[in-house]
Amino acid sequence: MTAQTVTGPIASTDLGFTLPHEHVIFGYPGYQGDVTLGPWNHDLALSTCVETAKAVRSRGIKTVIDATPNECGRSPAFLREVSEASGLQIMCATGFYYEGEGAKAYFEFRASLGGGEGEIYEMMRREVLDGIADTGIKAGVIKLASSRDAITPYEQMFFRAAARVQRETDVPIITHTQEGRQGPEQAELLLSLGANPSRIMIGHMDGNTDPAYHRATLAHGVNIAFDRIGLQGIVGMPSDAERLEVITTLLREGHAKHMLLSHDSIWHWLGRPIPLPDAILPAIADWHPLHLTDDILPELQRNEISMEQIEQMTVVNPARLFG
């Protein structure tokens, strides 16, 4: 089996330790219009991201899945530059963000005129099979996202298109859930559309601290990701201590074969620098791509989680899911 990276296909066994949900660069839609005070500085961004990528590599991490949606600054060519300069393997995605924070006007307008879903399918399929724009770089995963209280009709267009592409190509699907909601619903919808549960990772599950929520999602046979580790007390995220309690509970119940770990960290923001009030700094102090290796995995070992279970979540599961 092979996995599709921004520098070309590799054997799935070569993925190694993998972070399955990070963002090398990211900007909320609208940053493209703030060019006077937030201009794109390629050299600064490249230097920052290469430095971070090398630090990630120094911890034994070989691969990162860049989950940036198309309208949030995804740049396959830039990711390839970072990969080639650092030695970090990177996979990029095709897909759009959830309705509340994405750029919905484009496909919503086209859907009103009879386009929409078919065009989304064509976009995803072409980016998976042929490459993104003129870069020759193929998307290695499809990224989906849903709102907190529902998978909206707009979002459902992307779910239907993604399931169709996966049925034809077997490409992995990864998702964004909002504030610990819609995990079971996302899994149920994708399976009803014929998607392969073993090739699905329901993301941001650590927004919910009720083990029953995780069991209900796992019951569909999909993989779940605790992939906002380090982000605490904002955007619906619990503390790391609460996360660890849920992770430990599920591991002791025997769910290691369907669990993955990551941060959802952003290495370089697009647009002008983010204004961060002092009150928010403690919530993001540990939100960086080294937190898992430096802090969380040692804590899991102190909680008598075995190295075999850790390797299952960080090496074995990603090889199966993304290969």
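The values are calculated or read from the model by the stated rules, or taken from the named source; none is laboratory data. Note that the structure is predicted; figures quoted are calculated from it, not measured. Methodologically, a virtual Cβ is constructed for each residue, glycine included, from the backbone with ideal geometry; neighbour enumeration extends over all protein chains shown.
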Notebook entry, point to check: Can Ala216 be described as small (Gly, Ala, Ser), over 29 Å from Leu281 (Cβ atoms), modelled with pLDDT of 95 or more and assigned to a helix (DSSP H, G or I)?
Noted result: yes
Note to self: I'd like to verify a number: residues in region 167-210 that are in contact with a His (Cβ under 7 Å, 6 or more places away or on another chain) and of a type in the set (Gly, Ala, Ser), how many?
What the structure shows: 2
Next item on the list: State the number of residues belonging to region 297-320 that are in contact with a Leu (Cβ under 9 Å, 6 or more places away or on another chain), among the hydrophobic types (A, V, I, L, M, F, W, C) and closer than 10 Å to Leu260 by Cα.
Entry: 3
Checklist line | Filtered residue count, region 91-130, keeping only those that are of a type in the set (A, V, I, L, M), within 20 Å of the chain's Cα centre (by Cα) and either part of a strand (DSSP E or B) or closer than 12 Å to Glu71 by Cα (or both) | finding: 3
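Could you look through region 302-311, keep only residues that are part of a helix (DSSP H, G or I) and crowded, with 18+ Cβ neighbours inside 10 Å, and pick out the one that is farthest from the chain's Cα centre (by Cα)?
Among residues in region 302-311 that are part of a helix (DSSP H, G or I) and crowded, with 18+ Cβ neighbours inside 10 Å, the one farthest from the chain's Cα centre (by Cα) is Gln309.
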Check: Which of the residues belonging to region 20-66 are touching an Asp or Glu at 6+ places or on another chain (Cβ under 8 Å) and in a strand (DSSP E or B)?
Finding: Pro20, His21, Glu22, His23, Val24, Lys62, Val64, Ile65, Asp66
Checklist line | Options Val171, Val165; residue that is out of contact with any Gly (no Cβ under 9 Å at 6 or more places or on another chain), within 13 Å of Tyr121 (Cβ to Cβ) and in contact (Cβ under 8 Å) with a residue 12 or more places away in the chain | finding: Val165
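Out of Val24, Val35, Val56, Val50, report the one residue that is touching a Phe, Trp or Tyr at 6+ places or on another chain (Cβ under 7 Å) and not acidic (Asp, Glu).
Val24
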